[in-house]
Amino acid sequence: MTIGIIDLHTHSFFSDGVLSPAELVQRAVHAGYTGIAITDHVDASNCEHVIGALKNFCLKTNPYLSINVIPGVEITHVPPGQIKELVVFARRAGAKLVVLHGETICEPVPPGTNKAGIEAGIDILAHPGLITAEEAALAAEKGVYLEITARRSHGLGNGRVLEFARKYSAPFVLNTDAHSPGDLFSEEWRKKVAFGAGMTEAEYDTVNKTMKGILQKLAPGYHSV
């Protein structure tokens with residue numbers, strides 16, 4: 001029995017992904033996934049609509065699938081002062097996973113975003129390549145997962161993220177931030193991203209167990225195949 005691939009950060013055409021949720025899920029199944037979160041970009045303009053659409057998809061479709069699909073959001077490029085409000089709203093609206101678009105090296109994310117999100121109780125801080133020591137320590141204290149990402153230029157900050165996660169004992173996850181079919185993991189590509197970031201074999205095993213634990217918490221009926 002194997003755990004299969006778990007990916008907690010992907011996008012459908014409800015934001016800037018190119019696939020419908022159904023096709024995204026089917027391609028993930030074909031790639032060997034056993035769990036996936038669809039976490040489309042949201043701000044104050046579309047949060048309610050996106051969560052409603054993804055909840056509806058999961059409610060109606062999950063019973064027919066061999067994969068566990070989680071409805072979530074990625075709060076993106078919003079003013080730091082608004083983040084807590086949107087985290088609370090997203091959870092009340094039914095998002096099972098709240099990701100925040102972190103302060104990456106390749107986009108003009110407002111300064112203060114990382115700290116505001118961690119303090120607001122997000123689940124995952126996505127590709128936070130510009131993370132500070134203070135923020136990494138705070139993530140460890142709050143139990144916020146730092147993301148090692150396979151996403152193009154966002155991934156150039158992976159080494160720093162992993163270094164700080166180690167130094168301050170912050171939990172971390174390994175995701176694609178997939179927007180198109182070619183972004184999804186194969187097991188070979190997943191390992192290359194992990195080891196390219198500097199993970200050891202032991203850390204790779206740990207991140208697999210961590211992500212399985214997250215999925216079991218979010219989807220009590222989770223099963224490995």
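Of all the criteria given as (1) open to solvent by less than 70 Å² (accessible area, probe 1.4 Å); (2) in contact (Cβ under 8 Å) with a residue 40 or more places away in the chain, the one not satisfied by ILE105 is (1). Within the stretch 157-182, the set of residues being crowded, with 21+ Cβ neighbours inside 10 Å and among the charged types (D, E, K, R) comprises ASP177 only.
Of all the numbered requirements in (1) open to solvent by less than 10 Å² (accessible area, probe 1.4 Å); (2) of a type outside the set (S, T, N, Q); (3) out of contact with any Ser or Thr (no Cβ under 7 Å at 6 or more places or on another chain); (4) in contact (Cβ under 8 Å) with a residue 40 or more places away in the chain, ALA139 misses one, and that requirement is (4).
Which residue out of ILE83, ILE70 is not in a strand (DSSP E or B) and not hydroxyl-bearing (Ser, Thr, Tyr)?
ILE83
Listed here are the residues, each with its yes/no results for (1) open to solvent by 20 Å² or more (accessible area, probe 1.4 Å); (2) touching a residue at least 60 places away in the same chain (Cβ under 8 Å).
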{"site": "ALA28", "(1), (2)": "no, yes"}
{"site": "TYR33", "(1), (2)": "no, yes"}
{"site": "HIS41", "(1), (2)": "yes, yes"}
{"site": "VAL50", "(1), (2)": "no, no"}
{"site": "LYS55", "(1), (2)": "yes, no"}
{"site": "PRO63", "(1), (2)": "yes, no"}
{"site": "SER66", "(1), (2)": "yes, yes"}
{"site": "PRO71", "(1), (2)": "no, no"}
{"site": "VAL78", "(1), (2)": "no, no"}
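Screening the candidates ALA126, ALA95 for the property of being touching a residue at least 24 places away in the same chain (Cβ under 8 Å) and more than 23 Å from GLY4 (Cα to Cα) yields one hit, ALA95.
LYS191 falls short on exactly one of the conditions (1) surrounded by fewer than 19 Cβ atoms within 10 Å (Cβ to Cβ); (2) touching a residue at least 40 places away in the same chain (Cβ under 8 Å), and that condition is (2). The single condition among (1) out of contact with any Pro (no Cβ under 6 Å at 6 or more places or on another chain); (2) under 20 Å from VAL99 (Cβ atoms) that GLN26 does not satisfy is (2). Restricting to the stretch 1-13, and then to whatever is within 22 Å of GLU147 (Cα to Cα) and over 15 Å from the mean Cα position of the chain (by Cα), can you tell me which residue is surrounded by the fewest Cβ atoms within 10 Å (Cβ to Cβ)? This residue is ILE3. Residue count for the stretch 139-183 satisfying the condition of being closer than 19 Å to LEU215 by Cα, among the hydrophobic types (A, V, I, L, M, F, W, C) and out of contact with any Leu (no Cβ under 8 Å at 6 or more places or on another chain): 1.
The values are calculated or read from the model by the stated rules, or taken from the named source; none is laboratory data. Predicted model, so just to flag it, every value in this text is computed and none were measured. Every residue, glycine as well, gets a Cβ built from its backbone with ideal geometry; the counts of neighbours run over all protein chains shown. Ligands, DNA and RNA are stripped out before the accessible areas are found, and what is left, the full protein with its side chains, is counted by its heavy atoms. Shrake-Rupley method; radii C 1.70, N 1.55, O 1.52, S 1.80 Å.
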